Amino acid sequence: MIPPLSKRLGLLLAILLCGLGSVFVLPKTPPAPEPGVKMELPDFIGDWYGQDAAVSKRELEVLGSETRFARKQYTNSRGDAVYVSIVFSGEDMSASIHRPERCLPSQGYTMVDTRKQRVALDGKKLTATRLHNLRPVYDASGKPLITRDGKQLTEYSLLYYWFSGSSETTADHTARYLMDARDRILKGTSQRWAYITVMGRITANIDKFGRTEPQTDVLLQEFIRQLVPLIQKPDVKIR
């Protein structure tokens, strides 16, 4: 026997209210923890002295409003310069965390090659992505600088980057997405990520005592070896 319409409506309403009420008794998803790196860069790293570097207006417009930055240019007594940037994601990581391969072309860089590189730390090895880049050189007025043989002057640089989550690091953007998917499914939460870049110019043929690509590589890897213990929290698994 089919119950009267009023009873069916009452039963449906009761089921609906029970379903909505269950929201208040289900455990809440815990907030994403802080990234596994500190929120500021040190003033000194060994023989290097750091000065704050500006965040461009374009970055502030494109990235999420909750995105935070730590950025310095480090120099040593020899005249070398290393540029370090940490971008801390907000709640919307798709708007604040990205690969350099996406933004470098808009800054005039062309990637010569890219590869994964293991950087030796004290007792550990950090896997980073290494980019070899070039871009044209311009004077203060914006005119291209021309070499004696009539070619436009270009400069090369090396850039290392990796991502540090709340509990582990990765050098791969796809791997970071998979880690997030794993944590959301198994833990009901996600890591808060930071994106670290370390860049230096290859100054051979530009400066009188400039460094070649292999020499710049050694310089940057030694810099990273000193940097990581100062910014990386000890409980983060370095991969």
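The values are calculated or read from the model by the stated rules, or taken from the named source; none is laboratory data. Predicted model only: the values in this text are computed from it and were never measured. All Cβ positions, even for glycine, are placed from backbone atoms using ideal geometry, and neighbour counts span all protein chains on display.
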- Message: Checking the condition under 20 Å from Ala53 (Cα atoms) and of a type in the set (D, E, K, R), which residue from Arg192, Arg201 passes?
- Response: Arg201
- Of all residues in the stretch 178-209, how many are surrounded by 16 or more Cβ atoms within 10 Å (Cβ to Cβ), among the small types (Gly, Ala, Ser) and closer than 30 Å to Leu145 by Cβ? 1
- Query: Restricting the search to the stretch 100-123, which residues are within 17 Å of Val198 (Cβ to Cβ) and basic (Lys, Arg)?
  - Reply: Arg115, Lys116, Arg118
- Message: Being part of a strand (DSSP E or B) and hydroxyl-bearing (Ser, Thr, Tyr) is the filter here; which residues of the stretch 104-147 pass it?
- Response: Thr110, Thr114, Thr127, Thr129, Tyr138
- Query: Scanning the stretch 47-69 for residues that are under 16 Å from Val198 (Cα atoms), surrounded by 14 or more Cβ atoms within 10 Å (Cβ to Cβ) and modelled with pLDDT under 95, which turns out nearest to the chain's Cα centre (by Cα)?
  - Reply: Phe69
- Task: Could you tell me whether any residue of the stretch 155-164 is without any contact (Cβ under 8 Å) to a residue 60 or more places away in the chain, under 18 Å from Val37 (Cβ atoms) and outside any loop (DSSP other than H, G, I, E, B)?
- Result: yes
- Message: Go through the stretch 87-126 and report how many residues are at pLDDT below 95, touching a strand residue (DSSP E or B) at 6+ places or on another chain (Cβ under 8 Å) and aliphatic (A, V, I, L, M).
- Response: 5
- Please work out which residue is nearest to Arg102 (Cα to Cα), limiting yourself to the stretch 174-194 and to residues that are touching a residue at least 12 places away in the same chain (Cβ under 8 Å) and part of a helix (DSSP H, G or I). Arg176
- So, first residue free of Cβ contacts under 8 Å to residues at least 40 places away in the same chain in the stretch 211-239, second residue surrounded by 17 or more Cβ atoms within 10 Å (Cβ to Cβ), Cβ within less than 8 Å, six or more apart or across chains; the pairs are Thr212/Ile202
